[in-house]
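Structure record follows, encoded as structure tokens.
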Amino acid sequence: MANFDVIAQELQALKDAGRYRPLTVWEDGSDAWMTLEGGKRVLQMSSNNYLGLTHHPKMKQAAIEATEKYGVGAGSVRTITGTLAIHDELEQKLAAFKGTEAALVFQSGFTTNQGVLGSILGADDVVISDELNHASIIDGIRLTKASRKIFAHKDMDQLEAVLKECGSYRQRVVVTDGVFSMDGDIAPLTTIVELAEKYDALVYVDDAHASGVLGKHGKGSTDHFGLHGRVHFQIGTLSKAIGAVGGYVATSQAAKDLMINNARSFLFSTSLPPSVAASCIAAIDVLKTEPELTERLWSNANSFRDTLKKEGFNTGDSETPIIPIIVGEPARTLEFSKRLLDEGLCAQGIVYPTVSMDKGRVRMIVTAQHTDEDLAFALDALKKVGREFGII
Ligand SMILES: *Cc1c(COP(=O)(O)O)cnc(C)c1O
């Protein structure tokens, strides 16, 4: 009889390499301070809940009302009976918010990339992708028959050289993260757009970490750089700063209509629960009416990053609320993260294969919820453990 021997060997190999990561179980919802199983309270600097919206009263209320009205689930995929009025309303709100003709919602940012890339790229096309793009982009590209070209991270000379060679393809699509999730740096979107216009390419930006963070009212990187009308596909997530779950693309009506017919993750998976759609509609209003949340997010992020640098930490290329501290080898990095947790600070260790072998880091995300005392607490823990490890 077949058994799990091979699986057990694979698991042991991960453990031997110091790369095994168990799940951490939390007793309460995403917040600035969270309770570990067993009762220990820790300061949270690993959550994507940038604005604290997971607990926003207006979003909770909207979810409750939608559940009362529509029930707990959508009952079907979008193309059969799963497009409820609340889904339609969310897409109209998102398109208006992003300043595009149309928007299409998916179940997550991950499935958005799979669905959109899969429906716009064919065998005669070429996709040109930054080497540090998110895993969901890489997987989305793998699912297509398009030719692939990778350019070195943010290297615009290389991008131009590739574009120059790609004139004979039916369609060229340049794909980039808006904010890079592991380093917290921002894509040079203005140059990307200019090069794309010069070489007749479409521009595709994944704003998962820019949604609710960059641009006026958190409209994203296209707004941040004043590039309205010049970015063809703006991917957003509803799972990070928006505080719920889901993903979307803001694009043209024609592109939306094609995806409704071709995007497999859209076609073959049930639509978002009505409560989630309702929370996200409420979130768009909150972004517009409570700009102090994004202001607090940025002032927290900038002052915390400045302080860390002054203390001698290597924060890499961070220029957003994502602030890595580079530690090094995987096992050492995970040990560093564990020591921080002992001190009451949750800063997730991120190691190979998510980042390269020697660039293991704890990735911190500063949020609007962190108080000055919280950030001082974090700094004390980092200084203590940083000295133990000799990284400052
Ligand atoms: C987190 C992330 C995603 C996935 O979004 P989910 O809504 O969590 O599935 C996609 N792209 C990037 C760049 C991300 O950081």
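No lab work stands behind these numbers, since they all come straight from the coordinates. Everything numeric in this text was worked out from a predicted model, so none of it was measured. A quick note on method: Cβ atoms are made from the backbone with ideal geometry, for glycine too, and the neighbour counts reach across all protein chains shown.
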Ranked packing of 75-85, 234-244, most packed first, by mean Cβ within 10 Å: 234-244, 75-85
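Write down the percent of antiparallel bridges among all DSSP beta bridges whose residues are both part of the range 56-289, to the nearest 5.
On the way: 11 of 28 bridges.
Here the antiparallel bridges make up roughly 40 percent for the range 56-289.
Tell me which GluC sites (Glu not before Pro) from the range 6-57 have a DSSP coil assignment and no more than 14 other beta carbons within 10 Å of their own. Walk me through the numbers before you get to the answer.
Numbers: sites: E10, E27, E37; in loops: E27, E37.
Filter output for the range 6-57: E27, E37.
Just the number, please: percent antiparallel of the DSSP beta bridges in the chain, rounded to the nearest 5.
Details: 24 of 43 bridges.
Counting only bridges with both partners in the chain, antiparallel ones make up about 55 percent.
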Relative contact order (%) - criterion: Cα under 8 Å, at least six apart; region: the range 56-289: 32
Pair H55, I80: separation of 7 Å Cα→Cβ label points (nm): 3.9
Residues with amide H under 5 Å from that of M364, placed H, sequence gap 5 or more: I323, I325
FRET efficiency estimate (nearest 0.05) - Cβ-Cβ, L258 to T24, R0 45 angstrom: 0.65
Mean separation of Cα contacts under 8 Å (6+ apart) over length of the chain, as relative contact order %: 22
The chain - convex hull of alpha carbons, volume per residue in Å³: 168
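Summing +1 for each Lys or Arg and -1 for each Asp or Glu, what net charge is found among the other residues whose Cβ lies under 13 Å from the Cβ of V286? Kindly include the intermediate steps, with their values, before the conclusion.
Details: positive: K58, K60, K93, K288; negative: D285, E290, E292.
The answer is +1.
So if R0 is 22 Å, what FRET efficiency would E101 and L143 give, r being the distance between their Cβ atoms, rounded to the nearest 0.05?
On the way: r = 26 Å, r/R0 = 1.17.
Efficiency at R0 = 22 Å is approximately 0.30.
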Spacing of the two label points (7 Å from each Cα toward its C-beta) at A376 and D200, in nm: 6.2
Separation between Cα centres of the range 66-118 and the range 125-193, rounded to whole Å: 26
Pairwise label distance in nanometres, F389 with A32, each label 7 Å out on the Cα-Cβ vector: 2.5
Charge dipole of the range 56-289 about the Cα centre (unit charges at C-beta), most positive-ward option of T83, L132, A208: T83
Net charge, H209 excluded, C-beta distance under 10 Å - Lys, Arg +1, Asp, Glu -1: -2
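Enumerate by residue number the chymotrypsin sites (Phe, Trp or Tyr not before Pro) in the range 266-332 meeting two conditions: DSSP loop (anything except H, G, I, E, B), and at most 12 other Cβ atoms within 10 Å of the site's Cβ.
Details: sites: F266, F268, W298, F304, F313; in loops: F268, F313.
Hits after loop and neighbour filter: F268.
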Computed over the range 56-289, Cα set: Rg, Dmax in Å: 17.2, 56
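With only Lys, Arg, Asp and Glu charged, each at its Cβ (+1 for the first two, -1 for the last two), find how big the charge dipole of the chain is about the Cα centre; round to the nearest 20 debye.
Details: 40 positive and 50 negative charges, 62 e Å.
Roughly 300 debye for the chain.
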28 Å Cα-Cα reach of K154 towards lysines, excluding residues that sit fewer than 8 places from it in its own chain: K98, K145, K164, K198, K216, K219, K240, K309, K310, K359
